[in-house]
1. Is it fair to say B:L43 is part of a helix (DSSP H, G or I), farther than 29 Å from A:V182 by Cα and modelled with pLDDT of 95 or more?
2. Among the residues that make up the stretch B:91-110, is at least one of them on the phi < 0 side of the Ramachandran plot, of a type in the set (A, V, I, L, M), assigned to a helix (DSSP H, G or I) and at pLDDT below 90?
3. Which count do you get for residues in the stretch B:57-90 that are at the interface with chain A (Cβ under 8 Å from one of its Cβ atoms), polar (S, T, N, Q) and either under 16 Å from B:M32 (Cβ atoms) or in a helix (DSSP H, G or I) (or both)?
4. Could we say that A:A77 is within 9 Å of chain B (Cβ to nearest Cβ) and touching a residue at least 60 places away in the same chain (Cβ under 8 Å) here?
5. Kindly check whether there is at least one residue in the stretch A:83-92 that is over 15 Å from the mean Cα position of the chain (by Cα) and either part of a helix (DSSP H, G or I) or surrounded by 14 or more Cβ atoms within 10 Å (Cβ to Cβ) (or both).
6. For the stretch A:107-124, what are the residues that are more than 18 Å from B:F14 (Cα to Cα) and either facing chain B (nearest Cβ under 10 Å) or part of a helix (DSSP H, G or I) (or both)?
7. B:A104 - would you say it is over 30 Å from B:A27 (Cβ atoms) and among the aliphatic types (A, V, I, L, M)?
8. May I ask you to verify whether B:L29 is free of Cβ contacts under 8 Å to residues at least 12 places away in the same chain, facing chain A (nearest Cβ under 7 Å) and either under 18 Å from B:V85 (Cβ atoms) or not in a helix (DSSP H, G or I) (or both)?
Amino acid sequence: MTALTTAALATAARSADAVQHRGFLSPTGVEIVFLLVGLVTVGAAVLTVTTRQLVHAALWLVVALGGIAVEYLLLTAEFIAWVQVLIYVGSVVVLLLFGLMLTRAPIGRSPDTDSGNRPVALAVALATAATLVWVVVDAFRTTWIDLDQAVQGSTEVTGAALFSSWVLPFEALSVLLLAALVGAIVLSRRTGDEDPGAPASGAPASGDGATPGPEGTR
Amino acid sequence: MHLAYPAVLSALLFAIGVYGLLARRNAILVLMSVELMLNAVNLNLVAFDVWLSTTLRDTLHGGQALTLFTIALAAAEIGIGLAIVLLVYRNRGSSDVDRLRDTAETEADDDAEARAAEAALAADEARVATPYDSPAEKAEAAR
């Protein structure tokens, strides 16, 4: 028991020593790259939520999501990084761009992309950022990720964990994806097309894809 | 690498997503902000998973599995969300979240509701005061 305790104390002292050597003023190369890519990511995210051109917002979102993929690579989670590139940059942003086109988003600046509650939103966001950053820095100031060990996020490691411990959630998730697919088809199907003999002046609740009103050209 | 770097980055991204969610007017831009917030959470999950795997020899990799699940959920969410936005646009001719105020309570609604409630209350009181509508009913009840 005493031997164990002394060993634990020695380990703690050694890790404390190691922690003290790792200050924030002498960053490693990985940290410098992480900081630079993080700056680009935050800048792109800010532009995404503030730009007045709707299509540019989607393109800045590509930059932000790609920056996050690079951060995953720096954290040695390569499989997640490539899934991020494939699904987010590859499909989600394309879906968003299609949505912008189908709702006739204007090309160029649009005057009213922001609603009237911008000051309130800014205050809430600043309060959130201050609280979260303060708590996180206070809690994990001395915590160190040792990235020089065996890679923890390669396809082999992630696949082994996913298909040994997480098989049941994985299958449940595939059912959920199927349900989402069916739901999206049901939602976006035009019910008026199946019944061409229906009277043109039907109930407005049928949602038969009537041409948008004059205000829809915005 | 200090764990504080990815944690602070994800906190900042989350705050930016909150700002966009509250300040944007177009529904698709609101969805973009939601994507930013989801990505902030994913970055946190991956960073803490790598930290736990390297320090505690955790082989479960729950963080990475949950990240993959979150990415799939985000894909499903964006599909359904865009379908709903397109449906709203087709029916209303606009995808401004500020204009979708059908279920909002205005002051006129409140006044009308208050008047209706007062009228119903008055009717109830009148009914309690004269519980029987006709002498015949009264006689029947007395029997």
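The values are calculated or read from the model by the stated rules, or taken from the named source; none is laboratory data. Predicted model only: the values in this text are computed from it and were never measured. A quick note on method: Cβ atoms are made from the backbone with ideal geometry, for glycine too, and the neighbour counts reach across all protein chains shown.
1. Numbers: part of a helix (DSSP H, G or I): yes; farther than 29 Å from A:V182 by Cα: yes; modelled with pLDDT of 95 or more: yes.
Yes.
2. Our first condition is that a residue be on the phi < 0 side of the Ramachandran plot; within the stretch B:91-110, this holds for B:91-92, B:94-110.
Adding the requirement that they be of a type in the set (A, V, I, L, M) leaves B:97, B:100, B:104, B:108.
From what is left, the residues that are assigned to a helix (DSSP H, G or I) are B:108.
Narrowing the set further to residues that are at pLDDT below 90 leaves B:108.
Yes, the stretch B:91-110 has at least one match.
3. 2
4. Working: within 9 Å of chain B (Cβ to nearest Cβ): yes; touching a residue at least 60 places away in the same chain (Cβ under 8 Å): yes.
In short, yes.
5. Restricting attention to the stretch A:83-92, the residues satisfying the condition of being over 15 Å from the mean Cα position of the chain (by Cα) are none.
Looking through the stretch A:83-92, none of the residues is over 15 Å from the mean Cα position of the chain (by Cα) and either part of a helix (DSSP H, G or I) or surrounded by 14 or more Cβ atoms within 10 Å (Cβ to Cβ) (or both).
6. Here is the first cut: in the stretch A:107-124, the ones more than 18 Å from B:F14 (Cα to Cα) are A:107-117.
Scanning the stretch A:107-124 gives A:S110, A:D112, A:T113, A:D114, A:S115, A:G116, A:N117.
7. Details: over 30 Å from B:A27 (Cβ atoms): no; among the aliphatic types (A, V, I, L, M): yes.
Here the answer is no, as B:A104 does not meet what is asked.
8. Values: free of Cβ contacts under 8 Å to residues at least 12 places away in the same chain: yes; facing chain A (nearest Cβ under 7 Å): yes; either under 18 Å from B:V85 (Cβ atoms) or not in a helix (DSSP H, G or I) (or both): yes.
Spelling it out, B:L29 is indeed free of Cβ contacts under 8 Å to residues at least 12 places away in the same chain, facing chain A (nearest Cβ under 7 Å) and either under 18 Å from B:V85 (Cβ atoms) or not in a helix (DSSP H, G or I) (or both).
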